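Some notes on the structure that comes next.
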Amino acid sequence: MMSMSRSSIRYFVLLLVCLGVATLSADTPEENDARVAHARQVLRVFADALVAELKWALEHGGPADAVKVCHVVAPEIAKDLSDQYHWDIGRTSLRTRNPKNNPDAWERDVLNTFENRKREGESIAGLEYYEETKDSFRYMKAIPTKGLCLTCHGNNIPPEVQAKLDKYYPEDKATGFQVGDIRGAFTLIQRQ
Ligand code: HEC
């Protein structure tokens, strides 16, 4: 990944997207299992693409430039994937950077449950939740805070990064995180 250019990363992402399976509808428990497996697979593609873009940007432009990449590219990848799968795919958190990512009531409940489950000893990697309602299937998976994230979400944000954050995100609440915290969650909705 290190030697990939921006455009080849985008190609790689689209390729992964195209390898995915078609939209599923779930009426039986087996189909529901398949739907959960599919949600996990789509989010793995999303997570890999985000980390690839982030690493590329950090290596080539430095963290202040990478803020702009996150600002533009993260929503773009989410949209590419959402269009491809006809699912709404995004990221949310109890403390968001971009208010567009604020959780709705259902997502807030799930995020609070994730915090409780973590306090009771579950590992963040295993925190997921899904529910089928009358008109939709919803799935969430927790995102851990890693060392790589602290430049932009930690306690000692470099001044040139902070300046960019102030510019794009006047309502930023996504700082002060530590390794091992839940940074937020992927969230996915399939409307039936
Ligand atoms: C170069 C700076 C930078 C780094 C490093 C970074 N982020 Fe972010 N992060 C951002 C920006 C900018 C946004 C806002 C994106 C947007 O406008 O949707 C964001 C948004 C998010 C969101 C969406 C919820 C919100 O707060 O709006 C999550 C979740 C997230 N980041 C997780 C992570 C994780 C996990 C890592 C480490 C693997 C990480 N970030 C590393 C800059 C960064």
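The values are calculated or read from the model by the stated rules, or taken from the named source; none is laboratory data. Computed from a prediction, not measured in an experiment: that's the story for all the values here. Glycine gets a Cβ as well: all are built from the backbone with ideal geometry, and neighbour counts include every protein chain shown.
Below is a table of values for the structure above.
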| quantity | calculated |
| --- | --- |
| Unique match (being surrounded by fewer than 19 Cβ atoms within 10 Å (Cβ to Cβ), part of a helix (DSSP H, G or I) and near the ligand (Cβ under 6 Å from one of its atoms)) among His60, His71 | His71 |
| Residue list for the stretch 130-153, filter: over 14 Å from the mean Cα position of the chain (by Cα) and either in a loop (DSSP other than H, G, I, E, B) or away from the ligand (no atom under 11 Å from the Cβ) (or both) | Tyr130, Glu131, Glu132, Thr133, Lys134, Asp135, Ser136, Phe137, Arg138 |
| Residue, surrounded by the fewest Cβ atoms within 10 Å (Cβ to Cβ), within the stretch 74-90, restricted to residues that are more than 15 Å from Met140 (Cβ to Cβ) and in contact (Cβ under 8 Å) with a residue 40 or more places away in the chain | His86 |
| Checklist (1) within 17 Å of Phe177 (Cβ to Cβ); (2) touching a Cys at 6+ places or on another chain (Cβ under 8 Å); (3) more than 10 Å from the ligand (Cβ to nearest atom) applied to Leu54, failing item | (3) |
| Subset of the stretch 141-160 (residues that are over 17 Å from Phe114 (Cα atoms), modelled with pLDDT of 95 or more and aliphatic (A, V, I, L, M)) | Leu150, Ile157 |
| The stretch 97-116 residues that are farther than 15 Å from Lys141 by Cβ, paired with ones that are within 13 Å of the ligand (Cβ to nearest atom) and among the aliphatic types (A, V, I, L, M) (beta carbon under 6 Å, 6 or more apart) | Arg97/Ala174 |
| Index of the failed condition, Thr96 passing every other in (1) under 19 Å from Val179 (Cβ atoms); (2) surrounded by 18 or more Cβ atoms within 10 Å (Cβ to Cβ) | (1) |
| Meets criteria (surrounded by 11 or more Cβ atoms within 10 Å (Cβ to Cβ), assigned to a strand (DSSP E or B) and more than 16 Å from the ligand (Cβ to nearest atom)) for Glu122 | no |
| Of all residues making up the stretch 154-192, the number that are in a loop (DSSP other than H, G, I, E, B) and touching a residue at least 12 places away in the same chain (Cβ under 8 Å) | 17 |
| Failed item, numbered, when Trp87 is tested on (1) in contact with a strand residue (DSSP E or B) (Cβ under 9 Å, 6 or more places away or on another chain); (2) among the hydrophobic types (A, V, I, L, M, F, W, C); (3) within 14 Å of the ligand (Cβ to nearest atom) | (3) |
| Restricting the stretch 154-190 to residues that are within 26 Å of Ala125 (Cα to Cα) and over 19 Å from the mean Cα position of the chain (by Cα), the residue that is nearest to the ligand (Cβ to nearest atom) | Ile157 |
